[in-house]
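Right, one structure below, let's go through it.
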Amino acid sequence: MPFLTSPVLPPGTLARTAQPSLPTGDGLLLRPWRAGDAPAVHAAFQDPSLHQWHIRTCDSEEEAAGWIAQWRAGWEGEREVQWAVVDEATDGLRGRVALRQILLGDGVAEVAYWTVARARGRGVAARAATALSRWAFEEIGFHRLELFHATANPASCRVAEKAGFALEGTKRSALLHRDGWHDMHFHARVQGD
């Protein structure tokens, strides 16, 4: 059955070019992941605070290398796009920002992020999410970006708000973490916000 509307973004919108690096304009750079980032990813996932809000662990540098290989392949598959968030001057890892659950035809994707322990409280996640959103809307043409976080994580709520994502509601008992089911705040930005 044919659709009544054309796709917002046609297949190939991302994959027809190489994944770009995106400067934030204030000392951070969003760049494609490299195989050499595996030790830093593994180290980041040893932080108990990261375990509190994420549902995955990383048990070895080899596992982190596997993740990075998947993240790099995501661009060509146009299903997810992952960036390392690094200090522009030193290339030191500060975190990760991503577009997940990409639906090109609908022009929709989910924004996700985490930061390494030493980068928290410095606006890294908000600056990265803002730069990613600007690129997704202005350069690519996405219509809507969504963002989810546990309601018990007020720091992530502040990141969403600082990055311009309006709170739209709560998804009750939406994600199973190690400590049980978490309610999730549901934020979004749309083209023109």
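The values are calculated or read from the model by the stated rules, or taken from the named source; none is laboratory data. This structure is a prediction, so every number in the text was calculated from the model and none was measured. Methodologically, a virtual Cβ is constructed for each residue, glycine included, from the backbone with ideal geometry; neighbour enumeration extends over all protein chains shown. For the accessible areas, the whole protein counts, side chains as well, though only heavy atoms, and no ligand, DNA or RNA atoms are used. Shrake-Rupley method; radii C 1.70, N 1.55, O 1.52, S 1.80 Å.
What is the magnitude of the charge dipole of the chain about its Cα centre, with +1 placed on the Cβ of each Lys and Arg, -1 on the Cβ of each Asp and Glu, and no other charges, expressed in debye to the nearest 20? Kindly include the intermediate steps, with their values, before the conclusion.
Numbers: 21 positive and 23 negative charges, 62 e Å.
The calculation lands at about 300 debye.
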Work through the residues other than LEU50 whose Cβ is under 15 Å from its Cβ and net out their charges, Lys, Arg +1 and Asp, Glu -1.
+2
Quick one: which of 123-135, 144-156 comes out on top by average Cβ neighbours within 10 Å, and what's the full order, highest first?
123-135, 144-156
With the 1.4 Å probe rolled over protein heavy atoms, region 11-114 has an accessible area per residue in Å² of 46
Pairs of alpha-carbon atoms within less than 8 angstrom and 6+ residues apart define the contacts here; what relative contact order does region 46-103 have, in percent?
22
With θ set to phi - 60°, apply the Karplus curve 6.51 cos²θ - 1.76 cosθ + 1.60 along region 10-19 and write out the HN-Hα couplings as whole Hz, x wherever there is a Gly or Pro.
x, x, x, 3, 8, 5, 6, 10, 6, 4
Scattering from the C-alpha atoms of region 57-142 alone, worked out with Debye: what is log10 I(q)/I(0) at q = 0.13, 0.14, 0.15, 0.21 1/Å?
-0.46, -0.53, -0.61, -1.10
Cut-off 9 Å between beta-carbons: net charge of the residues surrounding ARG100, Lys and Arg +1, Asp and Glu -1:
-1
Once you wrap a convex hull around the alpha carbon atoms of region 1-156, what is its projected area averaged over all directions, in nm²?
10.3
Ignoring ligands, DNA and RNA, please state the percent of accessible area on the chain from carbon and sulfur, probe 1.4 Å.
52
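For region 109-193, what is the Kirkwood hydrodynamic radius in Å, using each pair of distinct C-alpha atoms? Please report the intermediate quantities before stating the final value.
Numbers: mean 1/r = 0.0749 Å⁻¹.
Result for region 109-193, one decimal place: 13.3 Å.
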